[in-house]
Amino acid sequence: MKTIYSAIQPSGIMTLGNYIGAVNNWRNMQNDKDNKCIFALADLHTITVRQNPEEFYKNCMSFYALFQAVGLDAKKSIIYLQSHVHQHSELAWLLNCYTYVGEMNRMTQFKDKSAKHADNINMGLMDYPVLMAADILLYDTDLVPVGYDQLQHIEITRDIATRVNNIYGDIFKVPEGFTPKIGAKITSLQDPTSKMSKSDPNPNGVISCLDPPEVIVKKFKKAVTDSDTTIAYDPENKAGISNLLGILAVATGKTIEQTVEDCQGLRYGDLKLRVADSVIEMLRPFQEEYRRLIDSKDYLMSCAKEGAQKASEIAEKTLKRFKQAIGYVVD
Ligand code: TYM
């Protein structure tokens, strides 16, 4: 049995990048009987960037509903809010004392976010990967399914775990990152060389999983491609078209080779419409389920509470093991 762990920040919208690069795979992994899956809303990570309290609260509820709408099932998996399980903060503090400032300084995301939020380069922003290491290590995780942008954080998690194990013996399981073959970096529809991101100031670059069909069509129609006319999968030289083909492959469940073959002879404009239609179809059941769930606040809260209880039981054991090894008086 493999333990799978992953998380997403409940900030802004859930993008098509999050859906394809992350939650869609989580659902597939959950449905494999050999996996034990644990998924969290990384709401402690979210306040590294200042949040409006009402919006933050709404986003947390909305993302918890989105989790369930995508098919993450509270009966099969543990699904919880990170802030409900205090062991995350506690382990992050302990791990801080086994992590070097120089390591955190080198993190790409820290550098990017510091540039973006120059007026709020808080300690949390720098410490972000340590909290993420705590998330993963608390659950003796084997595999962490993520998009490419998170791989550096998995590497540092492995470094920290190995460092602790070298000092105290076998305390933490050293996890592996896992990225999907297609879709680990869905790019912006307006700038196909950069990641599709919730914080993109250009709304036409980003598809929200809750965008209505007409908006999805409009955004795909405006997608930036190239001045060529051939349809080929070549992310380096044809970033825009390759991004569209990758999205189409995931949305239709076909391989990239099959997708390229199916699309031969299409004009770019027709390809864009085909991608838009298949994304609308992929998201339709998800959007319907979301609309049904979002008003069931009591139900969502009871699932979240149960998830946190289960997570906390596992997390406490790992935390105790580590504290004992350090020499703490543990009751
Ligand atoms: P976050 O909230 O930025 O993104 C959640 C997941 O979505 C993936 N992703 C993408 N994949 C493909 N194409 C894209 N354009 C795209 N944009 C986002 C991300 O790689 C990620 O897998 N630090 C994490 C949350 C986190 C976490 C963890 C993840 C906290 N603790 C422990 C794994 C394990 C984050 O901010 O992800």
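The values are calculated or read from the model by the stated rules, or taken from the named source; none is laboratory data. Quick caveat: nothing in here was measured; it's all calculated off a predicted structure. Neighbour counts run over all protein chains shown; Cβ positions are idealised from the backbone, glycine included. These area figures cover heavy atoms from the full protein model, side chains too; ligands, DNA and RNA do not enter into them. Shrake-Rupley method; radii C 1.70, N 1.55, O 1.52, S 1.80 Å.
Computed values, structure above
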quantity	calculated
Accessible area (Å², per residue) of region 106-209, counting only protein heavy atoms and a probe of 1.4 Å	45 Å²
Cross-link pairs beyond the 25 Å C-alpha cut-off, checked among Lys297/Lys317; Lys111/Lys198; Lys111/Lys238	Lys297/Lys317; Lys111/Lys238
Mean accessible surface per residue for region 14-83, computed with a 1.4 Å probe while every protein chain stays in place, in Å²	39 Å²
Cα long-axis angle, helix 239-252 against the chain (0 to 90 degrees, to the nearest 10)	80 degrees
Share of pairwise Cα separations in the chain, more than 25 Å, in percent	53 percent
Rh by Kirkwood over Cα pairs, then Stokes-Einstein D for region 132-243 at 1.002 mPa s and 20 °C, µm²/s	129 µm²/s
Using alpha-carbon coordinates, inclination of helix 53-69 to the longest axis of the chain, degrees	70 degrees
Zero-based 5 Å bins, Cα pair distances in region 188-312, whole percents	2, 10, 17, 19, 16, 11, 8, 7, 5, 3, 1, 0
Solvent-accessible surface ranking, highest first, for Leu283, Leu131, Leu210 at 1.4 angstrom	Leu210, Leu131, Leu283
Solvent-accessible heavy-atom area per residue, rounded to whole Å², over region 217-331 at 1.4 Å	57 Å²
Accessible surface of region 123-249, 1.4 Å probe, proportion on carbon and sulfur as whole %	53 percent
Where trypsin sites (Lys or Arg not before Pro) fall in DSSP loop in region 209-269, at most 13 other Cβ within 10 Å	Lys222, Arg267
Between 0 and 90°, nearest 10: helix 268-293 axis offset from the chain longest Cα axis	40 degrees
Pair-distance profile P(r), taking every C-alpha pair of region 25-133, with 10 angstrom steps and integer %	12, 35, 35, 17, 1
Residue-averaged [θ]222 nm for the chain, counting only DSSP H segments that reach four residues, each worth -39500 (n - 2.57)	-16500 deg cm²/dmol
Per residue, the convex hull volume that the Cα atoms of region 111-185 enclose (Å³)	92 Å³
Kirkwood Rh, angstrom, region 61-218 [1 / mean 1/r, Cα pairs]	17.9 Å
